[in-house]
Structures are given as C-alpha cells and as structure tokens.
Amino acid sequence: MASGDGLVVRVRPPLGQLSAAQAQRLAELAEAHGAGLLELTSRANIQLRGVAPDQHSSLLDALAAQGLLDPDARQEQLRNLVIDPLCAPDDGVLALAEALQQALVADTALDGLPAKFGFSLASGRHGGMAEVAADVQLVRDGTQGWRLQVPGQPVAWQAHSATLTVQAALVLARWCAAQARARRAAGEHPGRLPQLLRQAQAQPGAWPLLALPAGLREVPSYLPADGSPAPGWQCGLGLLVAAPLGRVTAGALARLARSGIRSLRLTPWRMLLVEGLAPSGSAVLAAAGLDDPAHWIRDPQDARLRVSACSGAPGCRQALAPTQDLALALARHVPDGAHLHVSGCAKGCARQLPSTVTLVAQAGPDGPVFGYARDATAQAAPDSRWSARSLRDNPGLMFEEI
Ligand code: SF4
C-alpha cells in the first residue's frame, strides 16, 4: 500500500505469533528496507512503514524466507482471523484457529468474499475481544464448545466441537461470498455479513437463510465487553506491553527479541504479549529494553494509553494535518476512563470505535483545523472546529463536563 512516506507492508504472522528470531529479523528488515518503524494494528498485524518501491520485492522475499508471507493474496485475505492473544495453551483457541484457517484456504466457494471479511476468536475470559471488528465472532463457551455469533444478531449458534464450529463458520462465509458476488454483479457494494444478514432477514419469508449443519443449538449472543486488558503480567502467559500510539522502533523491537524471550503475540490493542519472560526482577526488563518509557508502556495508568492517532501527515497522503504529536501532547489532559482519537481525515482508519472525543483534521480557510465530536467516530459531523494551536493552549476545554 502506498503512503506519504513510502510503501506500507502489512505482515500477518501465522496465528498472530512471532518467534524471537522472526521478530529480530522483522526489526532488521524494517531498518534495512523501511523507515526503521513498525506499527501494531487494531487487527493484530504488524506493518513496516517507509518502504521504498525498489526495495519492495527484496523485502517480500525476505519475509517469505521467515514464513511471514502467504503464497498469494487470496490466502492472505482469507486468513483474516484476529486470535485472542490471551488465550490459554489448553483452551483450544489456537487449535480452532489453525483448523479454520486451513478450511478457509481450501474452500473454493469463498471466492468473492468482501475484502475485509474476517473472524475473531475469543477465549471468552476477558472483555478485550468485544472491540475487535469481525463478521463472525467465535467465542469459547466454557465446557459447552463454541458460540458462533454475528454482531447485531441476538441469537448465537452453539457448537459442541471444533469440527462443527468450522463447518458452521464456512456456511456463514459461503453465504456471505454468494451475496457479495450477486451484489457486485448488480453493481452494488459487496457489503458486510452483519448488514447482509439484517437486510435478508427483513425480507418476508426469508428464514431460514442459512443451511447450517445439524447439531447447532441456538443460545443468546454474549461476549464480555469490559474493555481492553491493561499492560502488566498476565498469569501464566507473559508480559503485556504497549507501544506509544502502537509504534515500535526497529531498535526497540530488536533489543526485545534478542533478550532471551521465547516469542511475541500480536494483539488488537496495539500491545505485544511477551512470552517467555518471568516476573523475576528489573534486570530482565532492563535487558529487554522494556524499562524505557520512550519505547514501551508498562504502567496501566500511563496517559498515552488514553489516546490514539492515525499516521496523519506527512506519513499518509490523505492526511490534512499531523496527528501523532498532537495526540501525545494532549494525552495528559484526557481524564481517566476517557479516550481521545486524533484522525488525519474522516476515513478514521486507525479506530473504528467511538471515542470520548474525536478530533478530525479538516481544511480550513487559513489552514487545517480539527473537527471536534463527542462519543463519536471520525465519520461523525463535528460539533465545533479548533485549530491545533488552540487545542494545545486550551486542552481542558475538550473534556469539560466529562
Ligand atoms: S484516517 Fe485518513 S489521514 Fe489517517 S491514516 Fe487513514 S486515510 Fe490517512
């Protein structure tokens, strides 16, 4: 993908995991072929920024040599699974993800799926997966197996085994692919599964729409939604660390990867789960560079966790103003429990969820200004407009009455 600072190359590691060796190589590649910067995305991917077009193909070869590149774009698209990084070794989440991934890639009836069609796989043990956008949520249901749920549908389907879960997931995906193909043929946008299901259900006599496999049980839809996990030790799993605005320098990643860790799990919260570290003292953290607040956030009260920003100018060609410095400058004024998102344009690609305050860069008569909206996404009509300077001079005004 082309951007203002060169190409952005997205890496979707298998099962959302990077070995220490892969992480170290990725850092080296970001330094050698890009701008030395990696971004953690809200879909648990990691992307290299600032790649020069003439470096692209050698970068892809190097990623392939590390097992970090799919054989083709179809497989990369179908492998759009966001896997709960806090799943336990024995809860079956990773095994289900592997089985689903293989089944999706082998299924020729899925051609034409909307480009962003994706699954989330949740352990059901915390609320962090509720904010992950997905067409189908697969949720571990205690000892009862799995729940398949489509956001917006009050009823979920409970499957007693991973095999049945994969079969049902494929039925949903095939139905969505068929709908998308028909809509494209009619000159329409392919849509997303939740919206397509709602539209189809509104047709008289439309039910049953889906030829789901036998053995499923209808149950109420449910996914815990008590917010993203905070940085800190995760019992039996490792250390969850955030990067300011989800940006990691190649040097910081390389140092972490070389420090004796086992692996990293990517998360949809712009954090990394560091596996193979024990909470045995500050020397371990210092060796990994994790004690450096310029690169990593370990304190759950760190104000930078309360802000997000897209690339903004000059990194993104669509951006109407810089975003990241402004977000970091305003972070300490964001009240506990609130969230500020700064977007370089109304596309809002760095955050789909509403924020307590969203600032969106717009063209103004004397230069860029920021549209201000409360409890809204970047697409919302702003309540007022502020210059970057007045925002910096009067940060408290943004959060009055909150
Ligand atoms: S929201 Fe707009 S400015 Fe920001 S990264 Fe996306 S396209 Fe670029």
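Is at least one residue of segment 276-287 out of contact with any helix residue (DSSP H, G or I) (no Cβ under 6 Å at 6 or more places or on another chain) and within 16 Å of the ligand (Cβ to nearest atom)? No, that holds for no residue.
If you check P365, P354 for being at pLDDT below 95, within 19 Å of the chain's Cα centre (by Cα) and away from the ligand (no atom under 11 Å from the Cβ), only one passes: P354. Per the conditions (1) within 16 Å of the ligand (Cβ to nearest atom); (2) modelled with pLDDT under 95, the sole criterion not satisfied by V342 is (2).
Elements of the type strands (runs of 3 or more DSSP E) sitting completely within segment 1-112 and holding at least 1 residues that are touching an Asp or Glu at 6+ places or on another chain (Cβ under 6 Å): these cover 46-51. No other residue among A230, A243 is of a type in the set (A, V, I, L, M) and either assigned by TED's automatic domain parsing to the domain that holds H126 or farther than 18 Å from P279 by Cα (or both) apart from A243. Looking only at segment 163-190, residues that are modelled with pLDDT of 95 or more, polar (S, T, N, Q) and crowded, with 20+ Cβ neighbours inside 10 Å come to 1 in all.
Listed here are the residues, each with its yes/no results for (1) at pLDDT below 95; (2) farther than 20 Å from R270 by Cα; (3) buried (at least 21 other Cβ atoms within 10 Å of the Cβ).
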| position | (1), (2), (3) |
| --- | --- |
| A23 | no, no, yes |
| A30 | no, no, yes |
| L48 | no, no, yes |
| A52 | yes, yes, no |
| I83 | no, no, yes |
| L96 | no, yes, yes |
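Kindly indicate whether any position in segment 320-330 is in the same structural domain as A388 (by TED's automatic domain parsing), away from the ligand (no atom under 16 Å from the Cβ) and surrounded by fewer than 19 Cβ atoms within 10 Å (Cβ to Cβ). There is at least one residue in segment 320-330 that is in the same structural domain as A388 (by TED's automatic domain parsing), away from the ligand (no atom under 16 Å from the Cβ) and surrounded by fewer than 19 Cβ atoms within 10 Å (Cβ to Cβ). Counting the residues of segment 300-317 that are touching a residue at least 40 places away in the same chain (Cβ under 8 Å), away from the ligand (no atom under 16 Å from the Cβ) and surrounded by 14 or more Cβ atoms within 10 Å (Cβ to Cβ) gives 3. I'd like to check something: does segment 374-388 contain any residue that is of a type in the set (S, T, Y), out of contact with any Gly (no Cβ under 6 Å at 6 or more places or on another chain), in the same structural domain as H339 (by TED's automatic domain parsing) and surrounded by 16 or more Cβ atoms within 10 Å (Cβ to Cβ)? Checked segment 374-388: no residue is of a type in the set (S, T, Y), out of contact with any Gly (no Cβ under 6 Å at 6 or more places or on another chain), in the same structural domain as H339 (by TED's automatic domain parsing) and surrounded by 16 or more Cβ atoms within 10 Å (Cβ to Cβ). Residues that are of a type in the set (A, V, I, L, M) and either part of a strand (DSSP E or B) or over 14 Å from V307 (Cα atoms) (or both) within segment 379-402 comprise A380, A381, A388, L391, L397, I402, listed in sequence order.
The values are calculated or read from the model by the stated rules, or taken from the named source; none is laboratory data. All figures in this text were calculated on a predicted structure; none of them were measured in a lab. Note: ideal-geometry Cβ built from the backbone for every residue, glycine included; neighbour counts use all protein chains shown.
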